[in-house]
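Below is one structure, written out as structure tokens, with a few remarks after it.
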Amino acid sequence: MSKTLVTLNVNDATYEVAIKPQDTLALALRDGCGLTGTKIGCDMGTCGCCTVLVDGEPALGCLTLALEVEGRRIQTIEGLAGAERLHPLQRAFAECGGSQCGFCTPGFVMTSVALLRTNKAPSRDEIKAAIAGNLCRCTGYAKIVDAVEHAAEQIRDEDDSVPTPNEMSEKPETQAGDKDDAGIHGRRQPATAGR
């Protein structure tokens, strides 16, 4: 069967990949782009190991045809980490023991990234509902839920530490004797006039 050349936008890079019409996104990513972080577990859409983000939404790479995502933005586990550090979810999975053998971890992380982009403070039940399509054969899921919860807190703390443009323009002048107090969990509390 002949192959077709497609252009895939993966992790903000362009890949030209020769694929057969029936090739899945998971195969194109692994074999065509050399991005092996996306795992193929069941190859039937039941385990979630192959989860990637397509235009910001979770998609099962084993059920999505590569031809269907040409021209769309694809993000894999390899595209999460920055040059200097891991994404908060990747750090949290390591710190909280959310990863056992690691095979299912990329799918859980990508599913959780999508959740935390839309819900910065999910409850444990909301986390469980979001990851319900991902299977892990090694754990009882508690540490995975702990990791997502921990990452959510880290992301909220990072967001709180970066002032918005409005906050920067509204910052009151400090007066002699004023102090900035470190609040709960080390977050800065705004200085108030007349303390």
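The values are calculated or read from the model by the stated rules, or taken from the named source; none is laboratory data. Since this is a predicted model, take the numbers as computed values, not measurements. Reconstructed Cβ throughout: ideal geometry from the backbone, glycine too, with neighbour counts over all protein chains shown.
Restricting attention to region 8-30, which residues are in contact (Cβ under 8 Å) with a residue 12 or more places away in the chain and within 23 Å of the chain's Cα centre (by Cα)? Can you show your working first?
Going residue by residue through region 8-30, those that are in contact (Cβ under 8 Å) with a residue 12 or more places away in the chain are 8-12, 15, 17-29.
Across region 8-30, the qualifying residues are L8, N9, V10, N11, D12, Y15, T24, L25, A26, L27, A28, L29.
Within region 43-92, how many residues turn out to be among the aliphatic types (A, V, I, L, M), more than 19 Å from L135 (Cα to Cα) and within 10 Å of the chain's Cα centre (by Cα)?
Applying the first criterion (among the aliphatic types (A, V, I, L, M)) to region 43-92 yields 44, 52-54, 59-60, 63, 65-67, 69, 74, 77, 80-81, 83, 86, 89, 92.
Now drop any that are not more than 19 Å from L135 (Cα to Cα), which leaves 54, 65-67, 69, 74, 80-81, 83, 86.
Of the ones still in play, those that are also within 10 Å of the chain's Cα centre (by Cα) are 80-81.
Here the count works out to 2.
Please find, among E84, E57, E78, the residue that is surrounded by fewer than 15 Cβ atoms within 10 Å (Cβ to Cβ) and either modelled with pLDDT of 95 or more or not assigned by TED's automatic domain parsing to the domain that holds A130 (or both).
Details: E84 fails: either modelled with pLDDT of 95 or more or not assigned by TED's automatic domain parsing to the domain that holds A130 (or both); E78 fails: surrounded by fewer than 15 Cβ atoms within 10 Å (Cβ to Cβ).
Every option except E57 fails the conditions.
For region 1-10, check the following and say yes or no: at least one residue is over 19 Å from F103 (Cβ atoms), aliphatic (A, V, I, L, M) and assigned to a loop (DSSP other than H, G, I, E, B). Lay out the reasoning, then the answer.
Taking region 1-10 as the starting set, the residues that turn out to be over 19 Å from F103 (Cβ atoms) are 1-10.
This time we only want the ones that are aliphatic (A, V, I, L, M), so: 1, 5-6, 8, 10.
From what's left, assigned to a loop (DSSP other than H, G, I, E, B): 1.
Taking every residue of region 1-10 in turn, at least one turns out to be over 19 Å from F103 (Cβ atoms), aliphatic (A, V, I, L, M) and assigned to a loop (DSSP other than H, G, I, E, B).
Given (1) modelled with pLDDT under 90; (2) not in a helix (DSSP H, G or I), identify the lone condition not met by D159.
(2)
Using the structure shown, decide if T24 is within 15 Å of E78 (Cα to Cα), in contact with a strand residue (DSSP E or B) (Cβ under 8 Å, 6 or more places away or on another chain) and of a type outside the set (K, R). Give the derivation first.
Details: within 15 Å of E78 (Cα to Cα): no; in contact with a strand residue (DSSP E or B) (Cβ under 8 Å, 6 or more places away or on another chain): yes; of a type outside the set (K, R): yes.
So T24 does not fit the description; no.
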